[in-house]
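Asker: Sharing a structure, written as structure tokens. Questions coming.
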Amino acid sequence: MHSVRDKNKLFKEILAEHKDKIYRICSAYLYEKDAVDDLFQEVLLNIWLSLDRFDNRAKLTTWLYRVTLNTTITFNKKTRTHRDMFSGDMPLDIIDDPGHEYTLEQKRVDKLLLCIQKLKKEERLIISFVFEGLQYKEIAEILGISTSHVGVKINRIKKTLLRLYENG
């Protein structure tokens, strides 16, 4: 990027097309809304600051996910006081709110989301990339590992989720 005008235009395009995906990834990494919002703002700031170094060697989306991943890792190191809300065994019956009628499908989705929250942070990020529809090759580029290793990790995550879901 050579001009501020081009940088502003690209940043606005990124926000229009990718902010929801980036926010979902931040949400997969953290639980508390305030912390997610802080992380999201930090990701956007890092994207803005890094735009001058984006050189089109990677796809824009891959680069964005990479910036998001690196920011989440750095964010976690800076905020060591952050604790996982779901550390330990959280009862999954909290989804049975008597004031709200859940459909069976809503209960299953809520239960799955709670199971995902019990995964390790890296696993939550990887599964969020899967939910975003990224191909193994794209995930491998973001994480800096081989495509086959991504497949192994995703397979393990699915098995863990199934075990958590069935035991919850």
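The values are calculated or read from the model by the stated rules, or taken from the named source; none is laboratory data. Note that this is a predicted model, so its numbers are computed, not measured. When we count neighbours, we look across all protein chains shown, and the Cβ atoms used for this are built from the backbone with ideal geometry, even at glycine.
Yes/no per residue for (1) of a type in the set (A, V, I, L, M, F, W, C); (2) more than 10 Å from the chain's Cα centre (by Cα); (3) not assigned by TED's automatic domain parsing to the domain that holds Leu113:
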{"site": "Lys12", "(1), (2), (3)": "no, yes, yes"}
{"site": "His18", "(1), (2), (3)": "no, yes, yes"}
{"site": "Tyr23", "(1), (2), (3)": "no, no, yes"}
{"site": "Ala28", "(1), (2), (3)": "yes, no, yes"}
{"site": "Phe40", "(1), (2), (3)": "yes, yes, yes"}
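Asker: Moving on to the next point. Quick one: Asp55 ticks every box in (1) in a loop (DSSP other than H, G, I, E, B); (2) within 17 Å of Ile139 (Cβ to Cβ); (3) of a type in the set (D, E, K, R) except a single one, so which number is it?
Answerer: Condition (2) is where Asp55 drops out.
Asker: Which ones in segment 130-145 are among the small types (Gly, Ala, Ser) and either buried (at least 17 other Cβ atoms within 10 Å of the Cβ) or at pLDDT 95 or above (or both)? Lay out the reasoning, then the answer.
Answerer: Of the residues in segment 130-145, the ones among the small types (Gly, Ala, Ser) are 133, 140, 144.
Residue satisfying the conditions is Ala140 alone.
Asker: Determine which member of the set Lys33, Lys59 is modelled with pLDDT under 80 and among the charged types (D, E, K, R). Show your work before the answer.
Answerer: Numbers: Lys59 fails: modelled with pLDDT under 80.
When all the criteria are applied, what remains is Lys33.
Asker: With Ser148, Ser128 as the choices, which residue is under 23 Å from Thr74 (Cβ atoms) and either of a type in the set (S, T, N, Q) or touching a strand residue (DSSP E or B) at 6+ places or on another chain (Cβ under 9 Å) (or both)?
Answerer: Numbers: Ser148 fails: under 23 Å from Thr74 (Cβ atoms).
Matching residue, one of Ser148, Ser128: Ser128.
Asker: Failed condition for Asp52, given (1) at pLDDT below 90; (2) within 16 Å of the chain's Cα centre (by Cα); (3) farther than 15 Å from Ser128 by Cβ, with all others met?
Answerer: The one condition Asp52 does not meet is (2).
Asker: Run down Val36, Val4 and say which single residue is closer than 20 Å to Ile126 by Cα and free of Cβ contacts under 8 Å to residues at least 24 places away in the same chain. Steps first, answer last, please.
Answerer: On the way: Val4 fails: closer than 20 Å to Ile126 by Cα.
Going through Val36, Val4 in turn, just one is closer than 20 Å to Ile126 by Cα and free of Cβ contacts under 8 Å to residues at least 24 places away in the same chain: Val36.
Asker: Just checking, how many residues over segment 157-168 are surrounded by 12 or more Cβ atoms within 10 Å (Cβ to Cβ) and assigned to a helix (DSSP H, G or I)?
Answerer: So the answer is 6.
Asker: Ok, one more. Out of the residues in segment 131-156 that are in contact with a Lys or Arg (Cβ under 9 Å, 6 or more places away or on another chain), part of a helix (DSSP H, G or I) and in contact (Cβ under 8 Å) with a residue 24 or more places away in the chain, state the one that is nearest to Trp63 (Cα to Cα). Outline the logic, then answer.
Answerer: Taking segment 131-156 and keeping what is in contact with a Lys or Arg (Cβ under 9 Å, 6 or more places away or on another chain), we get 131-132, 138-139, 141-145, 147, 150.
Those still in the list that are part of a helix (DSSP H, G or I) too: 131, 138-139, 141-143, 147, 150.
Still in the running and in contact (Cβ under 8 Å) with a residue 24 or more places away in the chain: 131, 138, 141-143, 150.
Values: Phe131: 18, Glu138: 10, Glu141: 9, Ile142: 7, Leu143: 11, Val150: 17 Å.
Here the residue is Ile142.
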